[in-house]
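Derivation of every value follows stated rules applied to the coordinates shown; laboratory data play no part. Remember, predicted model here, so these are calculated numbers, not experimental data. Ideal geometry is used to build each Cβ from the backbone, glycine not excepted, and the neighbour counts take in all protein chains shown.
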Amino acid sequence: MLKKAPFIRIHEYINILLISVYLFWKFFTTIKVEFLVQLDDSLGDFIIWMPLFIIYLFLTLGKKAGLSTSLVVLSLHFLIGVYFYNDLTRMQVDSIIRYYIACLIYIVVVYTFQYITAVHTEYQTVREMAYIDPLTNIANRRKVSIVFDQYINKAANKEKALSVLFFDIDYFKQINDQYGHDCGDLVLKEFAFTLSSSLNKHEFIGRWGGEEFIVLTTRSLAEAVNLADLLREIIVKNDFPIVKQVTTSVGVASYVAGDTKDTLLKRADSALYKAKDMGRNCVAKSLP
């Protein structure tokens, strides 16, 4: 649960105490007056408030404290029923027992819901940690490999084309040496954000490692080269923190029949080295 300011927490505790006392008094007077004096055999509107209070306890206190507090409150209500037991009719006893059972069911249901929600949230967190690069907040190498295989399978089945754009930040080591690794991290974050925000929903980006990034697209080779050059220009014009300007070299390769992930990536990597040999800050393509 999120941490709350002390005065908010104290206010919540006071609310819980006051509501608990009110419900205790209300249950007591309902049995004493409506059951024993008016001879009613139903708890009436009172049965509505206890389930709502149980939900409030779990939302306010959390799973464990909500469970224990709910059981304590229900136990106090149970003691009231025991106290008046010998003075009640069979119908009145049945009504109170149904009330106890309903409250227990509410407690179990709400506790189970919060437990399942917590497990699901934890699972999602672990999953994100497994597939998301913590620095740049985009897909990491493991996730890229998984998605790459999916793209390869679709390309092999001739469902869609596939091109790989392999990015490398130019002179990144010099940035680290001159400005420090904290600055280098800022550059990586900004680079990843700039690229990802410039792609459409049909294109996938991930960090391959270090200062290398991969973009997967269903565009043809010519279209992918144009996209790579557009992204390169966007990077050049972007205002990066501290260093102001950063350039990138890009290698582009497209799927051909018989390609595997490794062979396609190797050709994109070769094209990247070609771009570096051409003076960096440019795009090179790998021909089949």
With a cut-off of 8 Å between alpha carbons and a minimum separation of six or more residues, what is the relative contact order of the stretch 152-288 in percent?
31 percent
So how much slack lies between Val37 and Ile242, counting 0.36 nm per residue of separation and subtracting their Cα-Cα distance, in nm?
65.7 nm
What value does the chain have for Rg/Rh, both radii from Cα atoms and Rh as Kirkwood defines it?
1.33
Of the candidates Leu74, Leu195, Leu39, which one comes out as most mobile in a Gaussian network treatment of the chain with C-alpha springs shorter than 10 Å?
Leu39
Taking the alpha-carbon centroid of each part, what is the distance from the stretch 235-288 to the stretch 100-140 in angstrom?
40 Å
I'd like the orientation of helix 90-131 relative to the chain: the angle between its Cα long axis and the longest Cα principal axis, in ° from 0 to 90, rounded to 10.
10 degrees
Cα long-axis angle, helix 6-29 against the chain (0 to 90 degrees, to the nearest 10):
30 degrees
Let me check against my output: what whole-number percent is the relative contact order of the chain, with C-alpha pairs under 8 Å and at least 6 apart?
15 percent
Relative contact order, percent, the stretch 6-131 [alpha-carbon distance under 8 Å, six or more residues apart]:
29 percent
Is it possible to state the helix-based mean residue ellipticity at 222 nm for the chain, with each DSSP H run of 4+ residues giving -39500 (n - 2.57), the sum divided by total residues, to the nearest 500 deg cm²/dmol? What is it?
-21500 deg cm²/dmol
Rounded FRET efficiency, nearest 0.05, which uses the C-beta distance separating Val108 from Lys261 and R0 of 51 Å:
0.55
Largest-first ellipsoid semi-axes for the stretch 1-63, taking √(5λ) over the Cα gyration tensor eigenvalues, angstrom
31, 12, 6
About the Cα centre, charge dipole magnitude for the chain (Lys/Arg +1, Asp/Glu -1 at Cβ), debye
420 debye
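Using the count of nearby Cβ atoms within 10 Å as a rough guide to exposure, how do Trp49, Trp25 rank from fewest to most?
Listing Trp49, Trp25 from fewest to most nearby Cβ atoms yields Trp25, Trp49.
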The helix 63-84 Cα axis meets the longest alpha-carbon principal axis of the chain at an angle in degrees, between 0 and 90 and rounded to 10, of 10 degrees
Quick calc, Arg142 & Asp177: beta-carbon distance into FRET formula, R0 22 Å, rounding 0.05, result 0.15
